[in-house]
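Asker: Sending over a structure as structure tokens; questions will come in a sec.
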Amino acid sequence: MNAQSLDPAIEAKVHDLLSQMTLEEKVGQMTQIDVSVVTVPQAQDSEQPFDIAKLEQAILQYHIGSILNAPATPDNKAQPIERWRSMTQLVRDTAAKSRLKIPVIYGIDAIHGATYTQDAVLFPQAINMAATFNRDLSFKEGEIAAREVKASGLDWNFSPVMDIGRQPLWPRLWETYGEDVYLASSLGTAFIEGHQGGDYSAADKAPACLKHYVGYSFPINGKDRTPAWIGERMLREYFLPGFEAGIKAGAMTIMVNSAEVDGIPGHANYQYLTTILRGELGFTGFTVSDWEDIVRLYTRDKMAASPREAVKIAVMAGVDMSMVPFNFSFYDLLLDLVRSGEVPVARIDEAVTRILRVKFASGLFDRQQPDLPVKGNFVTAEANAINRQAAEESIVLAKNHNNLLPLSKTTNILVTGPTANLLSVMNGGWTITWQGDQEQFYPQQKLTLLEAIRQKTKGKVTYVGGQRYQDEINIEQAVTEAQKHDVVVLALGENTYTETLGNLETLNLPFPQHQLARALFATGKPVILVTFGGRPRIITEIAEQAQAVVLGFLPGMEGGVAMADILFGDVNPSAKLPVSYPRNTNDIVLYDHKPIEAYETNQYRPLYPFAHGLSYTQFSSSGLQLEQSRIKRGEALHLSVDVTNTGKRRGKEAVLVYLHDVAASVTRPLKQLKAFQKVDLKPGETQTLHFELPAEAMSFIGVDMQRIIEPGEFKVMVGNQSAVFTVTE
Ligand code: BGC
């Protein structure tokens with residue numbers, strides 16, 4: 001067990017406070033409501049949206065422990081920062097009137113920056129952050145997100161998503177760090193470290209929340225909130241390690257899987273929420289339900305016979321706080337369950353201890369005001385610059401036939417396609433609004449791809465397209481214009497979405513996008529395909545005919561500028577795909593596939609493999625050296641490799657180290673990522689990189705479900721180099 005350590009000073013305070021609390025106060029701590037419960041419906045968009053009587057009722061009478069979300073303006077849109085500060089101040093002041101003055105923890109989805117604070121720095125989404133293969137950027141994103149959340153007076157961030165993105169249809173794929181366990185764990189823990197620092201009671205730090213524990217991301221049919229069937233070995237190999245890493249990195253809150261695994265809803269899963277999370281992973285923080293998911297054990301899953309039984313099942317399984325969120329039913333029902341002896345007080349004390357622990361550790365008891373000034377902490381020049389670098393390093397150059405790219409700024413360019421002139425399509429969900437699709441609320445000073453190209457070419461560009469993603473594009477006009485121009489930038493992809501609203505029946509691109517592409521190819525003009533969107537939609541036919549392909553995914557607010565910088569060569573691309581890009585809708589084979597998936601006629605043949613990504617320069621690796629050719633079981637392996645920029649431009653390169661266990665008692669992937677480093681090299685420059693592969697890199701989940709290391713031969717692969725070593729008893 002690798003328990004998170006406890007701070008005796010905090011434990012003493014928690015103990016003392018708990019001993020003074022009534023049962024009602026305790027059950028209240030476990031209750032989280034949506035802010036709409038305590039606001040005036042007609043006043044959502046006003047300076048002071050609260051209904052004071054309702055706020056006081058929630059905090060003083062129901063003793064609620066937490067509030068979430070932005071006021072329900074049209075689509076819960078982002079609020080000005082000063083408004084947030086006064087709103088959260090009112091919450092603090094109201095809590096200060098309560099008998100024990102226990103602060104309310106205010107949570108928000110700041111998944112790529114402070115989503116619901118107007119003008120906040122909004123980063124590339126997680127899928128793009130993964131494509132940077134740059135831990136430092138993820139760390140800085142965490143720092144900036146925490147700072148902007150705290151400057152808004154908010155306390156707690158429902159981020160990062162530690163689900164592994166192994167089902168490309170899933171509409172939340174882009175909220176993950178991609179298909180690889182090691183990459184996701186690395187980027188996620190870097191985010192947490194930046195967000196929480198060593199001490200998240202600091203004015204500019206805030207607790208992170210790992211979500212959605214566990215197995216949420218792997219619905220068998222690809223639709224959000226539908227069943228996953230994950231055997232224990234697969235769970236332990238692929239889905240648990242990210243959470244384990246997040247817990248080790250100090251995350252103290254975890255949100256529960258909204259769906260079900262192997263027939264057990266996440267919120268009812270004692271084995272996951274208690275046996276594994278507490279017993280094995282040593283998690284000492286608290287778990288929060290996902291949205292309305294406790295009552296859904298009754299209304300949706302038909303597992304509980306009543307809402308009351310649903311509360312009992314969830315609390316006894318290990319859910320510590322309920323995101324109810326629209327009423328106080330959880331409070332009433334849980335109180336009744338404890339009074340009738342069906343839920344022991346000890347379980348309530350356990351949950352409340354965990355919640356108070358996080359509140360103390362977050363410094364909430366010592367903070368009567370948002371003590372982080374807006375000036376110097378919110379939308380700083382430095383944060384914008386880091387965001388831009390993140391966007392630049394997150395865009396994948398997938399194809400560059402005859403080096404068509406970079407373009408010269410004097411080229412006559414036609415820009416067309418449904419994603420060319422929108423900010424929303426580059427940002428995705430959780431941007432200003434939940435679905436991120438309200439283009440009219442986006443900051444006008446940020447540039448779409450079209451606007452950024454226009455700026456670069458001093459206006460030497462023609463646009464054929466609509467105002468909205470849905471607008472039909474006049475193909476005839478696009479063809480006529482293409483004939484008059486040197487090159488076509490064709491921007492395709494998805495509209496924004498998240499959660500169930502993004503469910504899809506096929507990864508194919510909408511037909512009109514194919515029609516537009518076909519008509520443009522027929523002109524014979526070179527086409528550069530640019531894509532935006534959260535999933536690898538099937539582009540094979542188009543990509544094969546395009547001269548160049550640049551995969552943008554969701555690069556955030558600086559995405560337009562970053563994409564243009566790459567198209568014109570002001571930035572040398574360095575991103576690598578964090579997912580395998582499928583060639584066909586049903587050909588979903590991931591990079592870390594088993595030998596049998598590449599046996600006889602089976603093959604891993606995606607359109608672009610995991611970690612694919614071109615540069616305007618070239619890199620080669622050489623001189624792979626293992627410090628040891630034999631190590632004892634449990635020892636680390638040290639290796640080094642030289643990486644050289646053999647091209648003519650300065651560039652960044654992520655060097656990836658893969659491992660293969662040559663023979664094992666459970667079949668092992670043909671290769672699995674175990675380490676990476678990103679370097680910045682001038683033309684002709686060589687750097688020697690040193691890596692340490694810890695013993696766990698050689699481990700796997702054995703026949704008896706325990707993590708083991710088996711003696712035998714292993715193969716290390718870096719670039720086109722490989723070497724073998726032996727693990728001995
Ligand atoms: C989502 C979570 C989110 C929560 C609160 C849920 O619907 O699944 O990811 O944190 O809402 O907004």
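The values are calculated or read from the model by the stated rules, or taken from the named source; none is laboratory data. This one's a predicted model, so the numbers in the text were calculated from it and none came from an experiment. Here the Cβ is made from the backbone with ideal geometry for all residues, glycine too, and neighbour counts use every protein chain on show. Quick note on the areas: whole protein, heavy atoms, side chains included, nothing else; ligands and nucleic acids left out. Shrake-Rupley method; radii C 1.70, N 1.55, O 1.52, S 1.80 Å.
Asker: Could you list all residues from region 262-293 that are within 16 Å of the ligand (Cβ to nearest atom) and acidic (Asp, Glu)?
Answerer: If the condition is that a residue be within 16 Å of the ligand (Cβ to nearest atom) and acidic (Asp, Glu), then 290, 292, 293 are the ones that fit.
Asker: While we're looking at this one, here's another question. Among (1) open to solvent by 40 Å² or more (accessible area, probe 1.4 Å); (2) touching a strand residue (DSSP E or B) at 6+ places or on another chain (Cβ under 6 Å), where does residue 636 come up short?
Answerer: Single failed check for residue 636: (1).
Asker: Something else about it: Could you pull out the residue among 137, 90 that is more than 14 Å from the ligand (Cβ to nearest atom) and either open to solvent by 10 Å² or more (accessible area, probe 1.4 Å) or touching a strand residue (DSSP E or B) at 6+ places or on another chain (Cβ under 7 Å) (or both)?
Answerer: The unique qualifying residue is 90.
Asker: Tell me, yes or no, whether region 115-133 has at least one residue that is within 16 Å of the ligand (Cβ to nearest atom), under 18 Å from residue 429 (Cα atoms), in a loop (DSSP other than H, G, I, E, B) and touching a Cys at 6+ places or on another chain (Cβ under 7 Å).
Answerer: There is no residue in region 115-133 that is within 16 Å of the ligand (Cβ to nearest atom), under 18 Å from residue 429 (Cα atoms), in a loop (DSSP other than H, G, I, E, B) and touching a Cys at 6+ places or on another chain (Cβ under 7 Å).
Asker: Between a residue in region 491-511 that is on the phi > 0 side of the Ramachandran plot and any residue that is open to solvent by less than 50 Å² (accessible area, probe 1.4 Å) and away from the ligand (no atom under 16 Å from the Cβ), which pairs come within a Cβ distance under 6 Å, given they are 6 or more apart or on different chains?
Answerer: 493/419; 493/531; 493/532; 493/533
Asker: Just to be sure, is residue 596 of a type in the set (Val, Ile, Thr) and surrounded by fewer than 21 Cβ atoms within 10 Å (Cβ to Cβ)?
Answerer: Answer is yes for this residue.
Asker: Residues that are acidic (Asp, Glu) and open to solvent by 20 Å² or more (accessible area, probe 1.4 Å), at least 1 per element: which strands (runs of 3 or more DSSP E) completely within region 645-729 meet that?
Answerer: In region 645-729, the matching strands (runs of 3 or more DSSP E) lie at 651-661, 672-681, 686-693, 712-718.
Asker: Also: Does residue 163 satisfy the criteria of being surrounded by fewer than 24 Cβ atoms within 10 Å (Cβ to Cβ) and either within 29 Å of residue 396 (Cα to Cα) or within 16 Å of the ligand (Cβ to nearest atom) (or both)?
Answerer: Answer is no for this residue.
Asker: Here's another thing I want to ask about it. Here is a check on your reading of the model: is residue 179 more than 16 Å from the ligand (Cβ to nearest atom), under 29 Å from residue 202 (Cβ atoms), among the acidic types (Asp, Glu) and open to solvent by less than 10 Å² (accessible area, probe 1.4 Å)?
Answerer: When the stated conditions are applied, residue 179 does not pass them.
Asker: Please specify each residue of region 233-261 satisfying the condition of being out of contact with any strand residue (DSSP E or B) (no Cβ under 8 Å at 6 or more places or on another chain), open to solvent by 10 Å² or more (accessible area, probe 1.4 Å) and within 12 Å of residue 214 (Cβ to Cβ).
Answerer: Answer for region 233-261, where residues must be out of contact with any strand residue (DSSP E or B) (no Cβ under 8 Å at 6 or more places or on another chain), open to solvent by 10 Å² or more (accessible area, probe 1.4 Å) and within 12 Å of residue 214 (Cβ to Cβ): 234, 238, 241, 244.
Asker: Checking residue 296 against (1) among the basic types (Lys, Arg); (2) over 14 Å from residue 65 (Cβ atoms); (3) away from the ligand (no atom under 16 Å from the Cβ), which single condition isn't satisfied?
Answerer: The one condition residue 296 does not meet is (3).
Asker: Next question, about the same structure. Looking at region 1-21, which of its residues are of a type in the set (S, T, N, Q) and either at pLDDT below 95 or touching a helix residue (DSSP H, G or I) at 6+ places or on another chain (Cβ under 9 Å) (or both)?
Answerer: Scanning region 1-21 gives 2, 4, 5.
Asker: On to the next question. Just checking, does region 533-546 include any residue being surrounded by 20 or more Cβ atoms within 10 Å (Cβ to Cβ) and at positive phi?
Answerer: Yes: region 533-546 contains one or more residues that are surrounded by 20 or more Cβ atoms within 10 Å (Cβ to Cβ) and at positive phi.
Asker: In region 573-627, how many residues are in contact (Cβ under 8 Å) with a residue 40 or more places away in the chain, closer than 14 Å to residue 656 by Cα, outside the structural domain of residue 403 (by TED's automatic domain parsing) and not in a strand (DSSP E or B)?
Answerer: Within region 573-627, residues that are in contact (Cβ under 8 Å) with a residue 40 or more places away in the chain, closer than 14 Å to residue 656 by Cα, outside the structural domain of residue 403 (by TED's automatic domain parsing) and not in a strand (DSSP E or B) number 4.
Asker: Restricting to region 299-321, give me the number of residues that are closer than 21 Å to residue 208 by Cα and within 16 Å of the ligand (Cβ to nearest atom).
Answerer: Number satisfying all stated conditions: 3.
Asker: While we're looking at this one, here's another question. Taking the options 57, 48, 29, name whichever one is open to solvent by 10 Å² or more (accessible area, probe 1.4 Å), modelled with pLDDT of 95 or more, polar (S, T, N, Q) and more than 16 Å from the ligand (Cβ to nearest atom).
Answerer: On inspection, the qualifying residue turns out to be 57.
Asker: Moving to a separate point now. Considering only region 251-261, I want to know if a residue exists there that is touching a Leu at 6+ places or on another chain (Cβ under 6 Å) and within 16 Å of the ligand (Cβ to nearest atom).
Answerer: Yes, region 251-261 contains at least one residue that is touching a Leu at 6+ places or on another chain (Cβ under 6 Å) and within 16 Å of the ligand (Cβ to nearest atom).
Asker: If I ask for residues that are basic (Lys, Arg) and farther than 24 Å from residue 466 by Cβ, which ones from region 394-446 would you list?
Answerer: Selection gives 399, 409.
Asker: Identify the residue in region 150-160 that is part of a loop (DSSP other than H, G, I, E, B) and open to solvent by less than 10 Å² (accessible area, probe 1.4 Å) and, among all such residues, is farthest from the ligand (Cβ to nearest atom).
Answerer: It comes out as 153.
Asker: Residues 145, 72, 78, 110: which one is open to solvent by 10 Å² or more (accessible area, probe 1.4 Å), over 18 Å from residue 369 (Cα atoms), within 16 Å of the ligand (Cβ to nearest atom) and in contact with a helix residue (DSSP H, G or I) (Cβ under 8 Å, 6 or more places away or on another chain)?
Answerer: Just one listed residue meets the conditions, 72.
Asker: To continue, here is another question. Pick out the one residue from 131, 126 that is closer than 30 Å to residue 578 by Cα, buried (at least 17 other Cβ atoms within 10 Å of the Cβ) and in contact with a Lys or Arg (Cβ under 7 Å, 6 or more places away or on another chain).
Answerer: On inspection, the qualifying residue turns out to be 131.
Asker: Would a scan of region 505-522 turn up a residue that is touching a Pro at 6+ places or on another chain (Cβ under 9 Å), over 19 Å from residue 400 (Cα atoms) and not in a helix (DSSP H, G or I)?
Answerer: Scanning region 505-522 turns up at least one residue that is touching a Pro at 6+ places or on another chain (Cβ under 9 Å), over 19 Å from residue 400 (Cα atoms) and not in a helix (DSSP H, G or I).
Asker: Only one of 308, 278, 300, 296 is among the basic types (Lys, Arg) and open to solvent by less than 40 Å² (accessible area, probe 1.4 Å); which?
Answerer: Being among the basic types (Lys, Arg) and open to solvent by less than 40 Å² (accessible area, probe 1.4 Å) holds for just one of 308, 278, 300, 296, which is 278.
Asker: Among the residues of region 430-464, how many are at positive phi and more than 16 Å from the ligand (Cβ to nearest atom)?
Answerer: Final tally of qualifying residues: 2.
Asker: Among helices (runs of 4 or more DSSP H) lying entirely in region 391-495, which contain 3 or more residues that are more than 12 Å from residue 532 (Cβ to Cβ)?
Answerer: By residue number, 449-456, 475-484.
Asker: Looking at region 496-503, is at least one residue surrounded by fewer than 18 Cβ atoms within 10 Å (Cβ to Cβ), outside any helix (DSSP H, G or I) and away from the ligand (no atom under 16 Å from the Cβ)?
Answerer: Within region 496-503 (the criterion being surrounded by fewer than 18 Cβ atoms within 10 Å (Cβ to Cβ), outside any helix (DSSP H, G or I) and away from the ligand (no atom under 16 Å from the Cβ)), the answer is no, since none of the residues qualifies.
Asker: Considering only region 578-589, I want to know if a residue exists there that is of a type in the set (Val, Ile, Thr) and open to solvent by 30 Å² or more (accessible area, probe 1.4 Å).
Answerer: Yes; the residues of region 578-589 include at least one that is of a type in the set (Val, Ile, Thr) and open to solvent by 30 Å² or more (accessible area, probe 1.4 Å).
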